[in-house]
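First the structure, which I've put down as structure tokens, then a few questions once you've had a look.
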Amino acid sequence: GGLLLCEDGGGVADEFGFGDRLMGLMPNGSTYIFAKNNVNLTPQHIASSSKKVAPEDYRDKEFAGACFDSKGNTLFVNIQTPGITFAIWGPWARGTL
């Protein structure tokens with residue numbers, strides 16, 4: 001019944017701290033925070049992975065490309081920089097998305 005909106009860069013301070021957000025939009029026009037970008041990579045994070053990205057605070061980088069898999073079970077969303085994709089599982093039937 002609702003829509004998912006990807007905020008477009010810059011970051012926002014709210015009750016969950018600073019960062020860009022995925023916002024849910026209800027059929028009645030009200031919004032809610034669905035997810036928050038909290039990606040702040042330290043040298044230790046990067047050393048424990050095989051990725052080649054700079055240690056940096058990426059919380060002001062935008063979400064992009066939110067879409068569900070063909071069965072509607074998994075929501076995929078990207079943080080544009082440094083190029084991270086998240087897979088988020090439901091249960092979607094209980095919520096507004």
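The values are calculated or read from the model by the stated rules, or taken from the named source; none is laboratory data. This one's a predicted model, so the numbers in the text were calculated from it and none came from an experiment. Note that each Cβ is placed from the backbone with ideal geometry, even for glycine, and that neighbours are counted across all protein chains shown. What goes into the accessible areas is simple: the full protein's heavy atoms, side chains included, and nothing from ligands, DNA or RNA. Shrake-Rupley method; radii C 1.70, N 1.55, O 1.52, S 1.80 Å.
Quick one: in region 1-25, of everything that is part of a loop (DSSP other than H, G, I, E, B) and in contact (Cβ under 8 Å) with a residue 24 or more places away in the chain, which residue is surrounded by the most Cβ atoms within 10 Å (Cβ to Cβ)?
Here the answer is Asp20.
Restricting the search to region 54-67, which residues are part of a strand (DSSP E or B), in contact (Cβ under 8 Å) with a residue 24 or more places away in the chain, surrounded by fewer than 17 Cβ atoms within 10 Å (Cβ to Cβ) and not acidic (Asp, Glu)? If you could, list the steps in order and put the result at the bottom.
Looking only at region 54-67, we keep the residues that are part of a strand (DSSP E or B), and these are 56-57, 63-67.
Those left that are additionally in contact (Cβ under 8 Å) with a residue 24 or more places away in the chain: 56, 63-66.
Next, only the ones that are surrounded by fewer than 17 Cβ atoms within 10 Å (Cβ to Cβ) stay: 56, 64-65.
Residues satisfying the conditions are Ala64, Gly65.
Among the residues of region 70-82, which ones are out of contact with any Lys or Arg (no Cβ under 9 Å at 6 or more places or on another chain), open to solvent by 50 Å² or more (accessible area, probe 1.4 Å) and in a loop (DSSP other than H, G, I, E, B)?
If the condition is that a residue be out of contact with any Lys or Arg (no Cβ under 9 Å at 6 or more places or on another chain), open to solvent by 50 Å² or more (accessible area, probe 1.4 Å) and in a loop (DSSP other than H, G, I, E, B), then Ser70, Lys71, Asn73 are the ones that fit.
Going by the structure shown, is Pro91 open to solvent by 50 Å² or more (accessible area, probe 1.4 Å), more than 10 Å from the chain's Cα centre (by Cα) and touching a residue at least 24 places away in the same chain (Cβ under 8 Å)?
For Pro91, the condition - open to solvent by 50 Å² or more (accessible area, probe 1.4 Å), more than 10 Å from the chain's Cα centre (by Cα) and touching a residue at least 24 places away in the same chain (Cβ under 8 Å) - is not met.
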